[in-house]
Amino acid sequence: MMHTRRHFVTASAAVAAAAAAGMRAAQRPTKDDISLAAWSINRSFFTTHRWKNLDLPRIAREEFAINGLELVNQFFENPVQGYLRQLLNNGKKHGVTFVLVMVDGEGDMAARDKSERTQAAVCHRKWVDIAHLLGCHAIRCNLGGSREGWKQDKDLVGRAAESFNNLLEYARGAGLNVVIENHGGASSDPEVLVGIMKAVNNPDFGVLPDFGNVNPGDDNAEVLRKIVPYAKGISVKASWAPDGTHPGWDLEKLIKICQDAGYHGFWGIESSYGRGGRRAPGAAQPEPELSPDQLWENEKKGVLLTKAVLERLVLKKS
């Protein structure tokens, strides 16, 4: 099966040159630019079926004038070779770079059972091949592990390091980074993430810091300061209130923390609009019923508001 999947990526003439170039240590983009995380428009995908994965390069270019795209494995309808070739061609047609693939639902990389976490590492392999074919620099994985009691789980770092070493060995030579995003629970504990980074100690391994995904009671800025030295991408999570303010966290402050740490590369927009950011304790904030067009317009507003901040602070556009 391993041979078959690797052959799937390298067999066609269309990707032979990319495969040859990929036989080196993974690198990441180092010139500042903006990418669209497809999750920013997930509600119009799941709720109204407004677009398909193959439409994303056109949407990134025509709706947002954005150069990079962060794909989500949940949106791939049928990732066989012909489908992936079409996606690749659509990216070229619209001048959009595929930055990474966010991988969900492929198992627990920190499971207590060895066979379970080994299977999780194996299940991620197909996304290594797909990301390689599309020219991405990384796949984003979830850590897994319990969302409660992780502070007492003394073996979590070692188990996760074993799984990610397994995956990195498979990805070796493909020119791909493997990154973990802080996604709540153990994965949002900076001590855990930094511990895994040190235990694995592989230049192709890193973190995709998300501005918003911190554990209750933690400070976004302090979490970010601890994990951003290992960043191989940035997920600029933004949750805009209906009045256009951003009450949940200080976007400008978090961007500056990344800049001060020396980060350069794609800044991925993962935004929402109209849901008000972080709620006050006990406060009810029901979302109004929206038509498909209203929902789509809200998603677009969130992306464009975040893009404007990044253009001003990162790209230095007035």
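Details
- Relative contact order [Cα under 8 Å, 6+ residues apart], the chain, whole percent: 20 percent
- Put a dot 7 Å past the Cα of Asp218, heading toward its Cβ, do the same for Glu148, and the two dots end up 1.8 nm apart.
- Tail fraction, Cα-Cα pairs, the chain, threshold 31 Å, whole percent: 29 percent
- Here the translational diffusion coefficient of region 192-262 follows from Stokes-Einstein with Rh set to the Kirkwood radius across Cα pairs; for 25 °C and 0.890 mPa s it amounts to 188 µm²/s.
- Rg and Dmax over the alpha-carbon atoms of region 27-175 stand at 16.7, 51 Å.
- Virtual spin-label span in nm between Glu252 and Asn78, 7 Å along Cα→Cβ: 5.0 nm
- Taking Lys and Arg as +1 and Asp and Glu as -1, the other residues whose beta-carbon sits under 15 Å from that of Lys232 total -3.
- With 32 Å as the limit on Cα-Cα distance, the pairs of Lys114/Lys226; Lys154/Lys301; Lys31/Lys151; Lys126/Lys317 that go past it are Lys154/Lys301; Lys31/Lys151; Lys126/Lys317.
- Separation between Cα centres of region 104-159 and region 249-272, rounded to whole Å: 25 Å
- Long-range tail of P(r) for region 188-229 (Cα pairs > 17 Å, %): 26 percent
- Comparing Leu36, Leu88, Leu71 in a Gaussian network model of the chain where C-alpha atoms under 10 Å apart are linked, the largest mean-square fluctuation is found at Leu88.
- Among Met197, Met102, Met109, sorting on how many other beta-carbon atoms sit within 10 Å of each Cβ, with the fewest leading, yields Met197, Met102, Met109.
- Region 108-200 - Rg (one decimal) and Dmax (whole number), Cα, Å: 12.8, 40
- Between the C-alpha center of region 46-101 and that of region 175-241 there is a gap of 25 Å.
- Local electrostatic count at Asn90 - Lys and Arg +1, Asp and Glu -1, tallied over other residues with Cβ under 13 Å: +4
- What you get for the chain, charging only the Cβ of Lys and Arg (+1) and of Asp and Glu (-1), is a dipole of about 860 debye around the Cα centre.
- For region 130-212, the set of trypsin sites (Lys or Arg not before Pro) satisfying both a DSSP loop assignment and a count of at most 12 other C-beta atoms within 10 Å is given as Lys154.
- Expressed in Å, the radius of gyration and Dmax of the Cα atoms of region 138-278 are 15.4, 48.
- Cβ-defined net charge surrounding Lys151, 12 Å radius [Lys, Arg +1; Asp, Glu -1]: -2
- Counted residue by residue at 0.36 nm each, then reduced by the alpha carbon distance between them, the extension gain from His49 to Ala261 reaches 72.4 nm.
- Region 105-110 - phi-based ³J(HN,Hα) in whole Hz, Karplus 6.51/-1.76/1.60, Gly and Pro as x: x, 10, x, 9, 6, 10
- Once the Cα-Cα distance is subtracted from the 0.36 nm per residue extended length, the Arg312 to Cys123 segment shows a gain of 64.0 nm.
- Between the listed residues Cys136, Val101, Leu168, the Cα displaced farthest toward the positive end of the dipole of region 77-185, a dipole computed from Cβ unit charges relative to the Cα centre, is found at Cys136.
- Cα convex hull of region 65-125 - mean projected area over all directions, nm²: 4.9 nm²
- Interchain or long-range residues, amide H under 5 Å from Leu36's placed H: Gly68, Leu69, Glu70, Ile269
FYI, it's all coordinate maths here, none of it is from the lab. Computed from a prediction, not measured in an experiment: that's the story for all the values here. Neighbour counts run over all protein chains shown; Cβ positions are idealised from the backbone, glycine included.
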